[in-house]
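Visitor: What follows is a structure written as structure tokens; I'll ask about it next.
The values are calculated or read from the model by the stated rules, or taken from the named source; none is laboratory data. Note that the coordinates shown come from a computational prediction; the quantities given were computed from them, not determined experimentally. Every residue, glycine as well, gets a Cβ built from its backbone with ideal geometry; the counts of neighbours run over all protein chains shown. To get the accessible areas, we keep the full protein, side chains included, count just its heavy atoms, and leave off ligands, DNA and RNA. Shrake-Rupley method; radii C 1.70, N 1.55, O 1.52, S 1.80 Å.
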Amino acid sequence: MAQKFPFGIWNYLPLSESKLTDIDDWAECGLTVTMAPSISMEKDDPRDLIPFLDRAASHDMKLMINVRDLSYATYAEEGAEAYEKKLRSLHEIFKGHPALYGYVVGDEPTKPEYIEASVQCMKIQRQMDNTLSPYLNLAGAHTLALSPDHFGGRTYPEWLKYMVDESGFAVCCFDEYAQTINNVEGYHSYFRTVKPHVEAADAAGADMWGCLLSSAHIVFNKPTEHQFRWQINVSAALGCRGIIWFRFYDRITAPDFYGSPIDEFGYKTDAFYALLRCQRRFSAHYGEILMRLKRKSSYIVGDPRGNYPNFKPGDHEYILNASIDDTGVLSFFEDDEGNEYLCIVNGCVKYFASFKVEFDTAKCSLTELHRNGAVELPFGSDNFGLGTMTNDFGVYPAQLRLFRIDKKQ
């Protein structure tokens, strides 16, 4: 079975407020790996989650089990033995279920003891069952600002490598919402957060996910459909290997959050259908092929963004130059056979753009890929005998296009 790009949600609804048909909504929206309704070891019977796992399995969906009183805080406060005992009792109920992804370790650890406890919780899960995928979310820019004292004397990249080596698991997540503030500085903040997290993951041999925004709150605006597409496509182009959305459900008890895909009365909003289109369209065209590729490098084209370098002549042997009306992302990927790929994204959420890519026709041609590589559209004839060709690729707001670079012998 092909590996699918993970899409999921932070699910704050407790089991008591959830219903089995919620799973159908998640599948309709295009979620693939997501949190089950939250439970408590003290108040809930975990067996009540089994029908949710069964329903998820029927949709080829994986669920993370989120236990409110079983996290890195439990490990730090009660010790390894107590944490492991509780987790084992829980896992006896769910082990072997085809829809079980793993157990949520926790959100945004920033205290040194919580950061170390997070690693140990992941390690216990993997030693208990190496098919489990623990879920840990880091505090985005805040995590990057922590000192080595928080990471046991390590830099953040060194800690991430330690996390992988110590726990035996190589997936982590970070959160960033500034991209929905709707000003240029918000976009700069997003790029400044993504780059060090993804580069640290690459160095550690890990996959990095992004926890991004799907609700309005505080200074963050409700994403438009263009902004949903931007968050997905830019994050994937920059090397993120999964997305968790904050959040999916509005609640009457949290009026400062609004505009979620499902409102506080249980109705699907325009955000639900916007997110559905963006996730399912991405999955249909790129959600499997990008999981088979490894990102090599990323650049900005046009107006600068954050701390990414602008693409310039000489940065690549075959792709000689690139330009765009406003701003864009250009990334190079590679598959296991050594074939190279070019990914471009319109970085503007308002306007259609012309993304021009100049390449050396003596050395390569370009083949555009759709439907996860099942559809190939060749480009690259040198009509003027100049030895290079500039293809003018139209890209609607936040559109991603993917090309294989076919090298000539």
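Visitor: Enumerate by residue number the chymotrypsin sites (Phe, Trp or Tyr not before Pro) in region 244-321 meeting two conditions: DSSP loop (anything except H, G, I, E, B), and at most 16 other Cβ atoms within 10 Å of the site's Cβ.
Guide: Working: sites: W245, F246, F248, Y249, F257, Y258, F265, Y267, F272, Y273, F282, Y286, Y299, F311, Y318; in loops: F248, F265, Y267, Y286, F311, Y318.
Passing sites in region 244-321 are F265, Y267.
Visitor: A further question follows. Roll a 1.4 Å probe over the protein chains and send me the accessible area per residue for region 170-231 in Å². Please report the intermediate quantities before stating the final value.
Guide: Values: 1840 Å² over 62 residues.
For region 170-231, the solvent-accessible area averages 30 Å² per residue.
Visitor: Measure off, as a whole percent, the carbon and sulfur share of the 1.4 Å-probe accessible area of region 199-319, all protein chains present.
Guide: On the way: 2490 of 4640 Å².
The value for region 199-319 is 54 percent carbon and sulfur by accessible area.
Visitor: Now for a different question. Rounded to the nearest 20 Debye, what is the dipole magnitude of region 90-236 about its Cα centre when Lys and Arg each give +1 and Asp and Glu each give -1 at the C-beta?
Guide: Approximately 220 debye in magnitude.
Visitor: Taking H placed 1.01 Å from N in the peptide plane, check which residues at least 5 places from N321 or on another chain put their amide H under 5 Å from its amide H.
Guide: For N321, whose amide H was placed from the backbone, the distant partners under 5 Å are E358.
Visitor: Can you tell me which aspartates and glutamates have their Cα less than 17 Å from the Cα of K43? Leave out same-chain residues fewer than eight positions away.
Guide: K43 reaches E17, D69.
Visitor: While we're looking at this one, here's another question. Might you tell me the accessible area per residue for region 247-297, computed with a 1.4 Å probe and given in Å²?
Guide: 49 Å²
Visitor: Here is a further query. Between K407 and A57, what length in nm is gained on full extension when 0.36 nm per residue of separation is reduced by their alpha carbon distance? Write out the running numbers ahead of the final one.
Guide: On the way: separation 350, 0.36 × 350 = 126.00 nm, distance 4.16 nm.
That pair, K407 and A57, stretches by 121.8 nm at full extension.
Visitor: A further question on this structure: For the chain, take the longest principal axis of its alpha carbons; what is the angle in degrees between that and the long axis of helix 80-94, to the nearest 10 within 0 to 90?
Guide: Taking Cα atoms only, the helix is inclined about 80 degrees.
Visitor: Please compute the length gained on full extension between L144 and D129, using 0.36 nm multiplied by the number of residues separating them and subtracting their Cα-Cα distance. Before the final figure, lay out each step's value.
Guide: Numbers: separation 15, 0.36 × 15 = 5.40 nm, distance 3.06 nm.
Here the segment from L144 to D129 would lengthen by 2.3 nm.
Visitor: Quickly work out the E376-to-T155 label distance, labels modelled 7 Å from Cα along the C-beta direction, and quote it in nm with one decimal.
Guide: With each label placed 7 Å out from Cα toward Cβ, I get 4.1 nm.
Visitor: At a 1.4 Å probe radius, carbon and sulfur cover how many percent of the accessible area of region 1-71?
Guide: That share works out to 50 percent.
Visitor: Could you check which residue among A216, A80, A145 shows the biggest mean-square fluctuation in a GNM of the chain with a 10 Å Cα cutoff?
Guide: Evaluated over the chain, the most mobile residue of the options is A145.
Visitor: Kindly flag which residue pairs out of K86/K268; K350/K407; K4/K222; K296/K363 have an alpha-carbon separation exceeding 30 Å in this structure.
Guide: Among K86/K268; K350/K407; K4/K222; K296/K363, the Cα-Cα distance tops 30 Å for K86/K268; K350/K407.
Visitor: Ignoring everything except DSSP H segments at least 4 long, calculate the 222 nm mean residue ellipticity for the chain; use -39,500 (n - 2.57) per segment, divide by total residues, nearest 500.
Guide: Values: 10 runs with 125 residues, N = 409.
That comes out to -9500 deg cm²/dmol.
Visitor: Mind listing the phi-derived Karplus ³J(HN,Hα) values for region 55-66, rounded to whole Hz, using 6.51, -1.76 and 1.60 with θ = phi - 60°, and x for any glycine or proline?
Guide: 5, 4, 4, 5, 9, 6, 10, 9, 10, 8, 8, 10
Visitor: Sort K363, K350 by heavy-atom solvent-accessible area, probe 1.4 angstrom, most to least.
Guide: Ranking K363, K350 by accessible area, largest first, yields K350, K363.
Visitor: Something else now. Just to verify a number: what accessible area does C343 come out at with the full protein assembly present, 1.4 Å probe, Å² rounded to tens?
Guide: 0 Å²
Visitor: If the cut-off is 15 Å between C-alpha atoms, which aspartates and glutamates fall inside it for K195, apart from same-chain ones fewer than 8 positions away?
Guide: Within reach: D175, E176, D207.
Visitor: Using the heavy atoms of the protein chains and a 1.4 angstrom probe, tell me the accessible area per residue for region 322-372 in square angstrom.
Guide: Result: 36 Å² per residue.
Visitor: Quick check: residue separation of D326 and E358 times 0.36 nm, minus the Cα distance between them. What number comes out in nm?
Guide: Working it through step by step, the gained length comes to 9.8 nm.
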